[in-house]
1. Here is a check on your reading of the model: is T157 polar (S, T, N, Q) and either modelled with pLDDT of 95 or more or within 20 Å of I729 (Cα to Cα) (or both)?
2. Report yes if some residue within the stretch 238-250 is in contact (Cβ under 8 Å) with a residue 60 or more places away in the chain, more than 22 Å from T391 (Cα to Cα) and open to solvent by less than 10 Å² (accessible area, probe 1.4 Å); otherwise report no.
3. Would you check if V805 is under 20 Å from I409 (Cα atoms) and either at pLDDT 85 or above or surrounded by 10 or more Cβ atoms within 10 Å (Cβ to Cβ) (or both)?
4. Mind listing just one residue for me: the one in the stretch 351-381 that is of a type in the set (D, E, K, R) and within 23 Å of I334 (Cβ to Cβ) and, of those, surrounded by the most Cβ atoms within 10 Å (Cβ to Cβ)?
5. Take the conditions under 26 Å from R722 (Cβ atoms), surrounded by fewer than 21 Cβ atoms within 10 Å (Cβ to Cβ) and under 20 Å from the mean Cα position of the chain (by Cα) and apply them to E425. Does it pass?
6. Kindly indicate whether D160 is touching a Pro at 6+ places or on another chain (Cβ under 9 Å), open to solvent by 20 Å² or more (accessible area, probe 1.4 Å) and outside any helix (DSSP H, G or I).
7. Is it fair to say T297 is out of contact with any helix residue (DSSP H, G or I) (no Cβ under 7 Å at 6 or more places or on another chain) and of a type in the set (S, T, N, Q)?
8. Mind listing just one residue for me: the one in the stretch 1-41 that is farther than 26 Å from H556 by Cα, surrounded by fewer than 17 Cβ atoms within 10 Å (Cβ to Cβ) and hydroxyl-bearing (S, T, Y) and, of those, modelled with the highest pLDDT?
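The values are calculated or read from the model by the stated rules, or taken from the named source; none is laboratory data. Predicted, not measured: the structure shown is a model, and the values here were computed from it. As a convention, Cβ positions derive from the backbone with ideal geometry for all residues, glycine included, and neighbour counts pool all protein chains shown. Accessible surface is based on the protein model in full, side chains and every heavy atom, while ligands, DNA and RNA are left aside. Shrake-Rupley method; radii C 1.70, N 1.55, O 1.52, S 1.80 Å.
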Amino acid sequence: MSALIFLLICFAALVILALSEAPLFKWAASVAALTLIAQYGLPFYEPILQFSSGAWAGWGLAAILALLSLTGVRQRLIITPAYNALKKIMPRVSDTEREALEAGTIGWDAELFSGNPDWARLRDVSPMSLSSEERAFLDGPTDELCRMLDDWDIRHTRRDIPEDVWTFITGHGFLGMLISKDHGGLGFSPQAQSLIIGKIATRCPDAAVVVMVPNSLGPGELIERYGTDEQKSKYLERLAQGKEIPCFALTGPTSGSDAAAMRDIGVVCKETFEGRETLGIRLTWDKRYITLAPKATLLGLAFHLTDPDGLLEKGEDIGITVALIPTAHKGVEIGRRHLPGGVAFPNGPTQGRDVFVPMEWVVGGVSGVGQGWRMLMECLAEGRAISLPATSTSAAKALLRNSTAYARIRKQFGLPIAFMEGIEEPLARLVETAYVCEAGRSVTASMVSAGEKPSVISALLKYQTTERMRRAVNDAFDIHGGRAICDGPSNYLQSAYQAMPVAITVEGANILTRTLITFAQGALRSHPWLYKEVEALQNDDRDRGLADFEDAFCGHVSFATANIFGALYHNMTGGHFAGAPSHARATKRWYKQLARSARNFALVADLTVASLGGGLKVKQKITGRLADALSELYLLSCILKRFEDDGQPASDLKIVDYCAVNCLYNFQQALKGVIDNFPIAPVRVILRPLVFPLGARKRPASDRLGKEIVRAVLQPGEVRDRLTRDIFITDDPADLQGLLEHTLAKVMEAQDADKKLEKAVRKGIVKRTHMNDWISDAEKQNVISSAEAKALKELEGLVARVIAVDHFDPAEVTPHLKKSDSESLAAE
């Protein structure tokens, strides 16, 4: 018993030392004190080691720690040998890799990588808010634009955006939301841009893309941030007013995900331009998948610049550069269209061969040459957090609102299909998706609005929201069945289904973003010590580099020790003693589990990087799972933050619980996948008992909880409205979505009468066929009153419209047929 108590005391002491990241001399003193107690005991404690080998081991360890606490000894025995060995094997970080790493800012992602998140930093993120001007624009011109949009006409009949829609968009400044008021734009916050783009997307994804692209990575943002005064004066106001339509060409046939390997080339030269000798660039390019290219008047072009004649005196290989080229310029080939997924927004290729452009067309002029990759990465770090999360989140909210309405209206086997467990399951996922995605979107947009450029967070949010939207679309289709499959003017799901693969693919295909960007960049950028060690190793000043390396290396060792003991402690105690903010009364347990999980993530991530090193890039299944784990931690943080920002409504608490349980389960499965498949066996042996000392015990949210959150959104009310806030909503029965809202309200009003009618049908009192008027029969037999019969007849007509699918004359579907052929087919 004494030995067990002593071991517990030792473990507690080690945990305290590790979590406080105590210096080595404190470790030495503590080990010596514990050894002394074990050897000689205390008045109330019998000695257990005396002069055994265990005692000598304790004194030996204390002596080693004491020696290593001496700077000179530590440097000679550990720091310098480690520095020399790592410097030889460490591959240099390339310029493009460095620019990508340094492009964004770090914030909450660094807190999660630290294993000990500071909750005050999360609470300091401002709640979602809009200025009065932004709110008026969202509720005014944006709603008006939504009412103008006919999705079927745009994506099927025209396969293009109508001119009156273009005129409205350009006339109201939608293309200039990103551009400051000083340059003629609206100067809206990223939060406002996100909500405006998202609302349009719930009506017509094609129109949303037309608005989204000029307000994301492209000429407007590049000029505003990096352009010369002349470029700003010439273009920004025209872009804001829609007098110039921009596109940006980065991707080519041989440089998709690997954009830095582009073969598009520019050579610095002098030629006669507009009657005078001009310093410029002779360009050859081949780009594809360029959104707005067929409609564009101004082409932003990324290319690799060389200067073989040394005209710029900056070396021969200048690097990636960005230029602004009017599409009417001689040699620019543009105008042809791709049909990505059958969607209607303009998208197409552009080429040029030996096209001369003056140097003043380079973004930033001569000083901007070779700076293109940095410009692009900085813009992408911010823009990727706004556009696609906005459209994916709004799609999830619209799918939830429409699917819950349809499932409550649509009846099979005498009851609404929403009450069937097979339908309840995907409905619960839709609730979760809408809540989680909006939490991530709103919190991240607030970060960007505050000036952050969260490159790691933007990457994970892009792939997580688009992947969750993909699942939501499939769930909505499963719920609607044949109603979703049959396309036509009354189908409100097909546009999301067609646009979904585009969102998955653009701005960094999800398979790339998940496996190569999120964790691989995050490990270097957000880890508290790793990038500092790399910079120290690559410092050409050996003395300075060695000194910096010692600071980083010692910090890293303390960090790793804290993770080892912290993870084991919290996992053995179930996270009950983990930190949580005092204000989070209803969600304190989730904060504790988030803190516990962050410590586990920090441990696994750190040991993964340390053991795999440069081989991390090729272990993409491992990095993908770690990206999933990081994503779940971030999204759970946003869920808790959103709940607080919304005022901690009691009616949302079960939704928070459902989401939190699933986040923690998904996190557990991701880490388990990393450990089970780790390519180095000793690391597996070390990690498994530290992370799962009692086994992988998390489970998904229960069916009971899923039922409760679904029932809360099947009727009009605050929960349903809060889950689907800031999307386009109408109750006009002449409108597709308005018909659902109007009919749902009528269903709720008539539900008592409907129950009476259903009961009479089951008992055989009333027969329901196409041959009789069963509602009138029920009224005659006093099953329902005349007022109830009137309400049910009105409801019957509305329901028939809700569940109806489109059908066409064969000549409409196959326009190559002659009218006589069509009539013959119809007769047959």
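1. Here the answer is no, as T157 does not meet what is asked.
2. Yes, some residue in the stretch 238-250 is in contact (Cβ under 8 Å) with a residue 60 or more places away in the chain, more than 22 Å from T391 (Cα to Cα) and open to solvent by less than 10 Å² (accessible area, probe 1.4 Å).
3. Answer is yes for this residue.
4. E360
5. Values: under 26 Å from R722 (Cβ atoms): yes; surrounded by fewer than 21 Cβ atoms within 10 Å (Cβ to Cβ): yes; under 20 Å from the mean Cα position of the chain (by Cα): no.
No; evaluated as a whole, the condition is false for this residue.
6. Yes; evaluated as a whole, the condition is true for this residue.
7. Values: out of contact with any helix residue (DSSP H, G or I) (no Cβ under 7 Å at 6 or more places or on another chain): yes; of a type in the set (S, T, N, Q): yes.
Judged against the criteria, T297 is a match.
8. The residue in question is Y40.
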